[in-house]
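Notes follow once the structure below has been shown.
The values are calculated or read from the model by the stated rules, or taken from the named source; none is laboratory data. A quick note: this is a predicted structure, and the numbers were derived from the prediction, not measured. Heads up, the Cβs are rebuilt from the backbone with ideal geometry, glycines too, and the neighbour counts pull from every protein chain shown. For the accessible areas, the whole protein counts, side chains as well, though only heavy atoms, and no ligand, DNA or RNA atoms are used. Shrake-Rupley method; radii C 1.70, N 1.55, O 1.52, S 1.80 Å.
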Amino acid sequence: MSTLALSRPTAPRALLAAFGLAAAVDLVSLLAGADLGHQVAKPLLMPLLAAYAVSLGAPRLLTAALLLGWGGDVLLLSDADGAFLVGMGSFAAGHVCYLVLFGRGRTSPALGALYAAALAGTVTLLWPDLPADLRIPVAGYSLLLAATAYRSSALGLAAGLGGALFLLSDTLIATGIAEWPQLPAPDFWVMLTYIAAQYLLTAGALRAMYGERRTTV
């Protein structure tokens, strides 16, 4: 057996392990209040997950969605004026990539109605407590995010769960901006749901397109 054949499963395993390590460092740092660990680990997450996906033959739209998520991650670490809105725009572009990637596969109308009701209720409740300059951008982004969450179910359970967790993660961010009461260590829960969401969307998309055998490493 050639060296190349032996090395093929090694790269995805190593990249996935590196992603898992970066995720663990980030989450532990958030729980411990170690801001430096979070600042170092967070920007590594999406490039490592994207590299893992590419090593398994990911379509360009999936890679683009993950890298646009990385852009949003980096921008949201910044305190610069306008960084939050630009970061939201980067995530929004990533959701457009996901929506195109999901295609026109069948999804449940009942699930769509559930997401529509959740979107309307959440935006209505948050609206009075959001800063005036963020109300329209947050509402528009929320619509796009809810569409991603709904359409992700077209690729199966894993991707559908990833879409739901992405919606939950960003809803937690929005409640923080609105200064609603938060869970203990709120940034930990935001990142936990976000990391799980991006991984499940990636795994679900790869499995739907290439099958279980090719995406298991």
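With an a/c value of 1.5 or above and a/b not larger than b/c for the gyration tensor axes a ≥ b ≥ c computed over the alpha-carbon atoms, region 43-168 is described as oblate. Helices in the chain, meaning DSSP H runs of at least 4 residues, each add -39500 (n - 2.57). Divided by all residues, the mean residue ellipticity at 222 nm is -26500 deg cm²/dmol. Take VAL96, project a point 7 Å from its Cα along the Cβ direction, then tell me which residues of region 136-178 have their backbone nitrogen under 19 Å from it. Residues passing the 19 Å test: 136-152.
Maximal additional length on extending the LEU157-GLN182 stretch stands at 6.1 nm, based on 0.36 nm per residue less the C-alpha distance.
How much length would be gained if the chain were fully extended between ALA24 and ASP129, taking 0.36 nm per residue of separation minus their Cα-Cα distance, in nm to one decimal?
Taking ALA24 through ASP129 to full extension adds about 34.5 nm, to one decimal.
Rolling a 1.4 Å probe over the protein heavy atoms of the chain, with every protein chain left in place, gives an accessible area that is 70 percent carbon and sulfur. Around LEU134, what is the net charge, scoring Lys/Arg as +1 and Asp/Glu as -1 over all other residues with Cβ under 14 Å from its Cβ? Summing Lys/Arg as +1 and Asp/Glu as -1 gives -4.
Ignoring the sites themselves, the chain has its longest run without trypsin sites (Lys or Arg not before Pro) in a DSSP loop having at most 16 other Cβ atoms within 10 Å at 107-217. Rolling a 1.4 Å probe across the protein heavy atoms gives region 103-217 an accessible surface of 52 Å² per residue.
Once you order the gyration tensor axes a ≥ b ≥ c over the Cα atoms, which shape class does the chain get: rounded for a/c under 1.5, otherwise prolate or oblate by comparing a/b with b/c?
Working: a/c = 2.11, a/b = 1.33, b/c = 1.59.
It is oblate, given that a/c is not under 1.5 and a/b is not larger than b/c.
Just report the Cα centroid separation between region 168-210 and region 90-162, whole Å. Between the Cα centre of region 168-210 and that of region 90-162, the gap is 13 Å.
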